[in-house]
Amino acid sequence: MHKLVGSLVQQMGNAYPELGQAKSLIEETLLQEETRFRQTLDRGLKLLDEELARVPEGEELSGKTAFKLYDTYGFPLDLTQDALREKGRRLIRLNSTLQWRSRKLKRVLLGWVRVK
């Protein structure tokens, strides 16, 4: 994505001159985010593989494990589901506890709930 900044500045620079002024900062920020996401993805896939090695073939990965990957390591649930699908494993069945925790976490992250 950071490689697209030059094209964006070229096409939108006249309307938004601040893009040209901040081009280097935008590229650097996007590159850092891409790098962090790639690290999260690599780490999450490794942890998922380790967890799957403990789950007998044909059984589902527990919702608790998927939540741990998300909550502790930042590995998104949709990526867990995609990785399971690619490996021919059954998708996790989200139990009410996982759904509740996920909703609660989202509210906290969005500032809807005050944490004391």
Checklist outcome for this item: Looking across segment 36-83 at residues that are assigned to a loop (DSSP other than H, G, I, E, B) and acidic (Asp, Glu), the single one that is surrounded by the fewest Cβ atoms within 10 Å (Cβ to Cβ) is Glu57
Next on the checklist: Among the residues in segment 40-51, are any within 30 Å of Val9 (Cβ to Cβ), without any contact (Cβ under 8 Å) to a residue 60 or more places away in the chain and of a type in the set (S, T, N, Q)?
Outcome noted: yes
Item to check | Any pair with Cβ under 9 angstrom, 6 or more apart, that starts in segment 6-17 at a residue that is assigned to a helix (DSSP H, G or I) and ends at one that is among the hydroxyl-bearing types (Ser, Thr, Tyr) | outcome: Val9/Tyr16
Item to check | segment 11-44, residues that are modelled with pLDDT under 95 and within 20 Å of Ala83 (Cβ to Cβ) | outcome: Arg36, Phe37, Arg38, Gln39, Thr40, Leu41, Asp42, Arg43, Gly44
Checklist entry - Taking the stated definitions as given, is Ile92 at pLDDT 95 or above and touching a helix residue (DSSP H, G or I) at 6+ places or on another chain (Cβ under 8 Å)? => result no
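The values are calculated or read from the model by the stated rules, or taken from the named source; none is laboratory data. Bear in mind the structure is a predicted one, so any value in this text is a computation, not a measurement. Here the Cβ is made from the backbone with ideal geometry for all residues, glycine too, and neighbour counts use every protein chain on show.
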